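Structure first, commentary second.
The values are calculated or read from the model by the stated rules, or taken from the named source; none is laboratory data. Note that this is a predicted model, so its numbers are computed, not measured. Note that each Cβ is placed from the backbone with ideal geometry, even for glycine, and that neighbours are counted across all protein chains shown.
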Amino acid sequence: MKNAVRTIIGIGLFFVLSIGFLTGSQIYLKSKLESKYNDNVDKALAKDLSVDKFQGIYIQNKELQNNNLMLYGSSELSTTFIPQHPNNFYLDKESNYNISFIGRGHCQSIIHAINTGALNNTSSNKKIAFVLSPQWFTEDGLSKEGFEANFSELQFYKLMNNKNISKELKLKICARIIQFTDESSNLKNIKLYSKLYSNNNIISNIGLGLLKPYYYIKEEALYTLDLKQSLDKINEVKDEESKVNKKPIDWTSQLEQAVKEGEKAATNNEYGVYDSYFEKYIKNDYEKLKGSYKTLKYTESPEYNDLDLLIEICKETGVKPLLISVPVHSKWYDYCGFDKNNKEEYYEKIRGIALKNNIELLDLSEKENEKYVLCDIMHLGWKGWVYINEEIDQYYNEN
């Protein structure tokens, strides 16, 4: 009996000391962060594409508070070698906002849903743009490996503690997470949390209640780490950017310039694919790739349900999303034998989702036959980024 009492007292003391240490650390780190965060820092961090940023909370919340345009996507965000990519495009052009990039390869709807649900709901900035790639909507959807690589435990806890999100929606999120984590050895605690929450019965609720102190300490420890990593990033920012004379944007001339840039970059093939990509991924297997997409389909995928979850999160948190539908590379997909009817059905499904939910949509499918909308066989290119930059500008500045 005495041993049991000592154990309980020890656990209680550990909990109190842990919370005290984490709370003190957070107060110190926040004071440092607030003293250093300025417009120059905000502009620099908006361009940051690191894992620490998109799996964190602090920087994203600050960017929302500073009225940045948040742009969520996957691997297309990394095409910073394109002059029209927003990181480069706005260096010498007038703009009343910064575009903040969130995501990397395999960051798809469920990852963005968890991220969006974790954000600070007190921000008045509720505009977030989401880039949708056709390649997300395969019959398998997001892989378990892709989910695990991009899942943020901190954001999951923040979402589950977000009072603006209904229990019904949290149950759906947990059910989906269970599907991704059923065989994972790295996310056992998340799988347990999700299963206990999803069971939604007396025994499971008691079990989750008993584990609440553990999950609370875990969340606070992860948030403290996020603050530390955010401070490290801020300390790396140079004091001043070079002063550049900013010019008004002529969108027509920017499209013309995009074509010129594309022509210079894509000289060794008929597809408008930049030279090094064609050399590395296509040239040697060109004949083998003919007809290789015949069995590929984008109309039946678990990604559609994940997109529905993202849209539900947006509705419950007051986010006004802009969906950006990236087209397939029409000429390349024709060569590879992709079914044209399936392609049109995919485009129509995305249009239908936007219409049904009264969501703004930039539908680039009508541009699928234009050279240089993509820079390779799937990622946004010179003209594609100009179209997106223009649409984002209108979306951000509308009432």
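Yes or no, residue by residue, for (1) crowded, with 19+ Cβ neighbours inside 10 Å; (2) under 30 Å from ASN164 (Cα atoms); (3) of a type in the set (D, E, K, R):
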residue	(1), (2), (3)
LYS228	no, yes, yes
LEU231	no, yes, no
ASN235	no, no, no
ALA265	yes, no, no
PHE278	yes, no, no
ASN305	no, yes, no
ILE311	yes, yes, no
GLU316	no, yes, yes
Tell me, which residue of region 59-74 that is under 10 Å from the mean Cα position of the chain (by Cα) and not aliphatic (A, V, I, L, M) is nearest to LEU33 (Cα to Cα)? TYR72
Across (1) assigned to a loop (DSSP other than H, G, I, E, B); (2) modelled with pLDDT of 95 or more, TYR223 clears everything bar (1)
Which of (1) touching a residue at least 12 places away in the same chain (Cβ under 8 Å); (2) more than 27 Å from LEU33 (Cα to Cα); (3) surrounded by fewer than 16 Cβ atoms within 10 Å (Cβ to Cβ); (4) touching a helix residue (DSSP H, G or I) at 6+ places or on another chain (Cβ under 7 Å) is the odd one out, the single condition GLU270 does not satisfy? (4)
Check off (1) assigned to a loop (DSSP other than H, G, I, E, B); (2) crowded, with 24+ Cβ neighbours inside 10 Å for SER100 and give me the number that stays unchecked. (1)
Specify which of the listed residues (LYS246, LYS191) is surrounded by 15 or more Cβ atoms within 10 Å (Cβ to Cβ) and touching a residue at least 12 places away in the same chain (Cβ under 8 Å). LYS191
Within region 356-399, restricting attention to residues that are of a type in the set (S, T, N, Q) and part of a helix (DSSP H, G or I), which residue is nearest to VAL328 (Cα to Cα)? SER365
Take the residues in region 266-289 that are polar (S, T, N, Q) and assigned to a loop (DSSP other than H, G, I, E, B); name whichever of them is farthest from CYS336 (Cα to Cα). THR267
Boolean, PHE81 is closer than 22 Å to LEU364 by Cβ, of a type in the set (Phe, Trp, Tyr) and either assigned to a loop (DSSP other than H, G, I, E, B) or touching a Gly at 6+ places or on another chain (Cβ under 9 Å) (or both): yes
Residues in region 36-58 that are more than 14 Å from the chain's Cα centre (by Cα), outside any helix (DSSP H, G or I) and surrounded by fewer than 18 Cβ atoms within 10 Å (Cβ to Cβ) total 1
Kindly indicate whether TYR347 is in contact with a strand residue (DSSP E or B) (Cβ under 9 Å, 6 or more places away or on another chain), crowded, with 16+ Cβ neighbours inside 10 Å and farther than 22 Å from GLN254 by Cα. yes
Counted residues in region 278-297 being touching a Gly at 6+ places or on another chain (Cβ under 6 Å) and over 20 Å from CYS375 (Cα atoms) come to 2
So LEU231 passes all but one of these: (1) more than 27 Å from the chain's Cα centre (by Cα); (2) touching a residue at least 40 places away in the same chain (Cβ under 8 Å). Which condition number does it fail? (1)
What's the total number of residues in region 320-354 that are under 22 Å from the mean Cα position of the chain (by Cα) and either closer than 23 Å to LEU69 by Cα or of a type in the set (S, T, N, Q) (or both)? 12
Considering only residues of region 61-73 that are touching a strand residue (DSSP E or B) at 6+ places or on another chain (Cβ under 7 Å) and not charged (D, E, K, R), which is surrounded by the fewest Cβ atoms within 10 Å (Cβ to Cβ)? LEU71
Could you tell me whether ASP306 is of a type in the set (D, E, K, R), farther than 26 Å from ALA265 by Cβ and in a helix (DSSP H, G or I)? yes
Under 7 Å between Cβ atoms, which residue pairs at least 6 apart in sequence (or on different chains) link something in region 291-305 that is on the phi > 0 side of the Ramachandran plot with a partner that is assigned to a loop (DSSP other than H, G, I, E, B) and not charged (D, E, K, R)? GLY291/CYS336; GLY291/GLY337
If LEU323 satisfies all but one of (1) in contact (Cβ under 8 Å) with a residue 60 or more places away in the chain; (2) in a helix (DSSP H, G or I), what's the number of the condition it fails? (2)
